[in-house]
Amino acid sequence: MKTPNKNLGTVWGRDSEQPVFNSLNGDLEADVAIIGGGITGISAAYLLSKAGLQVIVLEAAEVGKGTTGFSTGNLYAPIDSRLFSLDEKHGGDAVKEVVASRVAAIDFIEERVDEFGIECGFQRVPWHLFTTPVEDNGMGEILKEHRAALEAGLEVSTRVPADFPLSVTDIITIPGQAQFDPLVYTRELAANISSRHCQIFENTPVLDISDKDPCVLLTHNGTVRAKKVIMATHTPKGIYAVQAAMESKREFALAVRLKVPLPPPAIYWHATAGGQYSIRPYQSSEGDYLIVLGRSYTVGKNDQMKGSYQSLEKYIRSRFDVERIDHIWAAQNYRPADHLPYIGKSVGDNNIYIATGFAADGLVYGTTAALIISDLIQDKNNKWEQLYDPKRLTPVASAKTVIKENLHVGKELLKDYIFYDRNTELNQLKDGEGKLVTVDGEKVAAHRDGQGTLHLVSSICPHMGCIVHWNEVETSWDCPCHGSRFSIDGDVIEGPAYQGLAKPSK
Ligand code: FES
């Protein structure tokens, strides 16, 4: 089985008329500037503009088409790393509070769907976590999650539904979770709130921020001055302590056509010894799809990436009667050391708020973040403010991962610099290949495209100086240290880097 040679794109948004927003051209002032037009940024813009504040949203590409549009559209109260793991790390009422905040976020989304009549296929569905006889991980994981979910106040069933598509060993089901099309939801919410009080700009990357009074945000064609700034950018732009406490992961997703009818609407999480597979059916005007999300791999690790894709394709083909694969994409996430996101005022900043570390649970956590930060900006108390406060980044709960992640970054730096010079000459580079080479003593990331044209950029990540790695599936340069990703011409695709990869000097 080969890895795909191109990313075929996500399955979302094909049913809707997409609004278009202009890019910023000129200087503006606002009460709040929001960087990022995903579900976090647009939800915060809704709340703050409704409260009468002047809001500006600056999206580097197109609204909803970043991380939000790469998700699988599942909305659930549990979390990917398991509620019982959260309990082991934090104890007390942490699990109960996390579940309550996530339930409130799902309800908020449903209310907006109703308020604006958004046709994004929102529906309440059950969530299943299960093991199967072949791949039972044998760790009593389902039992532990069952207990944690009950303690958090969730309704849980252990009955196997009659029409369940796979034979199971253990299963728990939580009713009343939800699914939707995340791209249609976010773009239509944006279209509905766009007004004189809420200005949204696309294709407007922020190049620099000064945390002053007011803050100053620099873009290519204009400057925004704002009293408060929300970094709704998945991971904060620039250098932040939280980046050392998060691992950057990616996961492949496939949307496949089956030769048989789809299983019943639900969120299916299959726990296996090597990681989790997440499955959901999706009906669109294009046809019926089964979407499956695979095991995660570390950003910038080509071998892990290939293995992850291959195991995903094998997984789905061996369990379902697949006619063909129509869509392939990959989604990035930042996994926090202590299984809790960082939401709130950034430590060391006066007027900047961050929302990051959502792991693979970002549609709900992004909405949670919008609810919390919009309260903080209005000087209102929020009952989950303390739970997710970035100031907790310290000691015990996260220490091991912080150390591990920093060692990982140090190792990446050292390894790549030591082995750098053993690389292919430029003229040996085949069409479609990307390699690290030294040209006249300069470290260069080189890619030859399908037409034979060479694309040369610096291989040094402008965030903190790690070396980028070639991603042959998505034809990008990926940094293994904190997850910045760049196009073949060096433009920032995602991650904490403000600037793209530099052009070589000669
Ligand atoms: Fe931090 Fe590249 S993303 S060094």
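Assorted remarks:
- Filtered residue count, the range 434-462, keeping only those that are closer than 29 Å to Ala337 by Cα and either away from the ligand (no atom under 14 Å from the Cβ) or crowded, with 21+ Cβ neighbours inside 10 Å (or both): 2
- Subset of the range 257-268 [surrounded by fewer than 21 Cβ atoms within 10 Å (Cβ to Cβ) and assigned to a strand (DSSP E or B)]: Arg257, Leu258
- Residue under evaluation Asp163, criteria (1) touching an Asp or Glu at 6+ places or on another chain (Cβ under 9 Å); (2) surrounded by fewer than 16 Cβ atoms within 10 Å (Cβ to Cβ); (3) not in a helix (DSSP H, G or I), criterion not met: (1)
- As for the range 166-189, it holds no residue that is within 16 Å of the ligand (Cβ to nearest atom) and buried (at least 21 other Cβ atoms within 10 Å of the Cβ).
- Matching residues in the range 62-93 - criterion: being part of a helix (DSSP H, G or I), touching a Phe, Trp or Tyr at 6+ places or on another chain (Cβ under 9 Å) and either of a type in the set (Phe, Trp, Tyr) or surrounded by fewer than 20 Cβ atoms within 10 Å (Cβ to Cβ) (or both): Phe70
- Matching residues in the range 129-181 - criterion: being touching a residue at least 24 places away in the same chain (Cβ under 8 Å), among the small types (Gly, Ala, Ser) and in contact with a Ser or Thr (Cβ under 8 Å, 6 or more places away or on another chain): Ser167
- Under the condition of being closer than 21 Å to Gly300 by Cα and outside any strand (DSSP E or B), the residues counted in the range 269-289 number 1.
- For the range 272-301, the candidate set comprises residues that are hydrophobic (A, V, I, L, M, F, W, C) and modelled with pLDDT under 95; within that set, the residue that is farthest from Ala360 (Cα to Cα) is Ala273.
- Scan of the range 136-178 for residues that are within 23 Å of Thr72 (Cα to Cα) and not aliphatic (A, V, I, L, M), ordered by number: Glu145, Pro161, Asp163, Phe164, Pro165, Thr173, Pro175, Gly176, Gln177
- Residue that is nearest to the ligand (Cβ to nearest atom) [pool: residues in the range 463-498 that are under 15 Å from Gln243 (Cα atoms) and surrounded by fewer than 20 Cβ atoms within 10 Å (Cβ to Cβ)]: Met464
- Counting the residues of the range 191-223 that are more than 19 Å from Leu47 (Cβ to Cβ), in contact (Cβ under 8 Å) with a residue 40 or more places away in the chain and of a type in the set (Val, Ile, Thr) gives 5.
- Some residue of the range 312-324 being in a loop (DSSP other than H, G, I, E, B) and either touching a residue at least 60 places away in the same chain (Cβ under 8 Å) or in contact with a strand residue (DSSP E or B) (Cβ under 9 Å, 6 or more places away or on another chain) (or both): yes
- Residue within the range 351-372 that is closer than 25 Å to Gln179 by Cα and more than 18 Å from the chain's Cα centre (by Cα) present: yes
- Residue match in the range 342-362 (condition: among the basic types (Lys, Arg) and modelled with pLDDT of 95 or more): yes
- Applying the condition of being among the acidic types (Asp, Glu) and under 16 Å from Gly13 (Cα atoms) to the range 247-294 and asking which residue is nearest to the ligand (Cβ to nearest atom) yields Glu286.
- Subset of the range 117-132 [part of a loop (DSSP other than H, G, I, E, B) and polar (S, T, N, Q)]: Thr132
The values are calculated or read from the model by the stated rules, or taken from the named source; none is laboratory data. Here the structure is a predicted model, which is why all the values come from computation and not from measurement. FYI the Cβ positions are ideal-geometry reconstructions off the backbone, even for glycines, and counts take in every protein chain you see.
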